[in-house]
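Some notes on the structure that comes next.
The values are calculated or read from the model by the stated rules, or taken from the named source; none is laboratory data. These numbers were taken from a predicted model, which means no experiment stands behind them. Counting neighbours? That spans all protein chains shown, and the Cβs are built from the backbone with ideal geometry, glycine included.
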Amino acid sequence: MLSAKKALHERFHRALEIDPATKPAVYQQLVRSARVLNANYVLELLLSAGIATFGLVLNSPAVVIGAMLISPLMGPILAAGLAFAASDLYLGLKSFLGILGSVMTAVFFAAFLVWMLPFQSPTGEILARTQPNLLDLGVALFSGLAGSLVVCRGGGGGGVTALPGVAIAVALMPPLCTVGFGVGSGWNWPIISGAMLLFLTNLVAIGASAFLVFYLEGMDEPEVREAVAPATREEARRGPFGAVIEKIHMQSAIGDIGKLRWRVLMLVATFVLLFIPLRNSLNQLTAETVARGAAREAVRALGAANILSQQLDITQEGVTLRVVAAEAVAEDKVRQAERILIQRTRRPATVNVRKVAGEEELAALRERLRQPMAPAAAPPPDLATMRLLVLERVQPPLRELWPSQFGRLAGYEFGYTETGAVLRLSYESPRPLDDAAREVLERAIRSRLNAGDLRFAYEWKKSQTPRPAR
């Protein structure tokens with residue numbers, strides 16, 4: 001078993017042109033990179049977080065890339081992968097606490113900067129880091145492999161030229177600053193959770209890639225551990241964790257816990273936990289991509305030459321395509337477009353086409369608007385005005401035509417019913433008007449008022465002697 005493992009390491013060295021004698025130096029280099037309690041590391045961390053935060057807010061990819069090149073987070077993460085490969089408890093604890101402190105520092109520093117800004121509007125660069133998927137996991141895996149191989153080769157074999165590309169591809173600081181943006185803009189949990197998932201994906205993938213590379217390189221060989229043991233032991237003794245580890249005898253327990261199968265099992269379990277949300281996000285991205293392609297095909301099927309705008313809405317209930325056209329679209333073409341969407345997306349689909357006025361219709365409308373408008377009709381008179389008008393029309397003929405020698409006209413009422421106008425006359429006389437007198441009076445009043453359908457009603461009150469009306 002040991003000879004097979006040794007042969008695997010030798011083939012790995014030959015394939016990548018790695019000098020086995022440089023492994024202790026690489027080990028010590030990674031141990032030093034895990035030191036986060038120094039001014040240089042903290043300064044680089046704050047500068048990278050500040051540049052990334054402002055780049056995200058400004059929606060500037062170039063500025064964000066600059067922050068990736070400065071970020072020092074790659075060192076502690078690769079050191080954690082080495083600790084996992086070599087079963088180095090001290091280095092693992094040191095790397096874990098260093099990563100945790102770096103994450104909290106970057107997040108809260110970015111949140112402070114965002115809180116100080118006069119606006120907190122999510123940009124495209126920010127939103128692009130809130131929906132990670134399995135493709136981001138693949139990028140992180142390959143980036144971690146590249147970074148680990150560069151460290152293993154010690155800058156040889158093209159490693160120096162690969163370092164900037166690795167730093168850009170890893171993209172550790174922008175997701176953390178996106179988390180800080182979510183915190184600083186009022187604890188926006190969709191942004192916080194999405195960006196943190198992206199960072200954890202990068203962190204786990206890079207650590208797992210580093211574990212694989214350093215294990216294949218043979219960083220857990222006794223010769224390497226013995227070569228770095230004095231320096232590591234001295235650093236642990238001076239550090240805050242070494243005495244604690246020795247006192248509780250955790251270093252002796254790592255022999256059982258650190259077996260390869262348990263380390264691989266822990267990595268697999270972590271990847272499974274990340275795989276579920278990343279797969280769901282990838283499925284959603286796939287569905288959106290398919291729906292957009294189907295929408296383009298459906299728009300072509302509509303056959304409308306003047307498509308002004310189109311909007312695609314994708315929800316849990318189905319797909320809705322809204323189209324605004326300058327010409328009418330036949331109903332059969334709309335149904336055909338819906339069938340295309342349903343067949344391509346395998347989901348319920350609806351196509352809504354709205355027609356707007358074209359150039360000719362707008363010209364005709366402008367021509368109609370140029371024509372002079374008819375004057376507005378006068379408002380109808382109110383009831384008080386109508387009463388005065390009726391009195392002016394009815395009262396003079398009544399006074400002239402009433403037979404005062406017969407009796408006194410005590411009063412009158414003029415009104416309208418569903419069947420027409422009614423004039424009610426109240427008078428006082430020794431005897432009521434006979435039919436002939438009524439007929440003459442009614443004919444004369446109808447003629448003067450020009451109201452042939454006017455009806456009359458009488459109210460008679462007996463008096464002793466006739467008196468002329470005043």
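Quick look at the values:
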read-out	value
Cross-chain or 6+ apart pairs with Cβ under 7 Å, region 395-406 first and modelled with pLDDT under 80, then surrounded by fewer than 12 Cβ atoms within 10 Å (Cβ to Cβ) and not in a helix (DSSP H, G or I)	Ser404/Pro468
Residue in region 253-269 that is modelled with pLDDT of 80 or more, more than 22 Å from Leu97 (Cα to Cα) and surrounded by 13 or more Cβ atoms within 10 Å (Cβ to Cβ) present	no
Selection count, region 33-48, where residues are over 16 Å from Met104 (Cβ atoms) and touching a residue at least 40 places away in the same chain (Cβ under 8 Å)	3
Evaluation of Ser48 against (1) polar (S, T, N, Q); (2) within 30 Å of Gln120 (Cα to Cα); (3) exposed (fewer than 15 other Cβ atoms within 10 Å of the Cβ) (one fails), failing number	(3)
Among (1) at pLDDT below 80; (2) surrounded by 14 or more Cβ atoms within 10 Å (Cβ to Cβ) - the single one Ala444 does not satisfy	(1)
Any hit, region 60-68, residues being over 34 Å from the mean Cα position of the chain (by Cα) and buried (at least 17 other Cβ atoms within 10 Å of the Cβ)	no
Residues of region 316-342 satisfying the condition of being surrounded by fewer than 16 Cβ atoms within 10 Å (Cβ to Cβ) and in a strand (DSSP E or B)	Arg322
Selection count where residues are surrounded by fewer than 20 Cβ atoms within 10 Å (Cβ to Cβ), of a type outside the set (Ser, Thr, Tyr) and not in a helix (DSSP H, G or I), scope region 73-122	5
Check on Ala106, modelled with pLDDT of 95 or more, of a type in the set (Gly, Ala, Ser) and in contact with a Leu (Cβ under 6 Å, 6 or more places away or on another chain)	yes
Condition met for Val422 (within 20 Å of Leu388 (Cα to Cα), of a type in the set (Val, Ile, Thr) and out of contact with any Ser or Thr (no Cβ under 8 Å at 6 or more places or on another chain))	yes
Failed item, numbered, when Leu56 is tested on (1) at pLDDT below 90; (2) under 18 Å from Asn188 (Cβ atoms)	(1)
Out of Gly452, Gly411, Gly407, sole residue that is in contact with a strand residue (DSSP E or B) (Cβ under 7 Å, 6 or more places away or on another chain), closer than 25 Å to Arg387 by Cα and not hydrophobic (A, V, I, L, M, F, W, C)	Gly411
Flag for Leu321 being outside the structural domain of Leu134 (by TED's automatic domain parsing), over 26 Å from Gly207 (Cα atoms) and either touching a strand residue (DSSP E or B) at 6+ places or on another chain (Cβ under 6 Å) or basic (Lys, Arg) (or both)	yes
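A quick yes/no check of all residues on (1) under 48 Å from the mean Cα position of the chain (by Cα); (2) on the phi > 0 side of the Ramachandran plot; (3) surrounded by 17 or more Cβ atoms within 10 Å (Cβ to Cβ); (4) at pLDDT 80 or above:
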| site | (1), (2), (3), (4) |
| --- | --- |
| Pro190 | yes, no, no, yes |
| Ala210 | yes, no, yes, yes |
| Arg237 | no, no, no, no |
| Phe241 | yes, no, no, no |
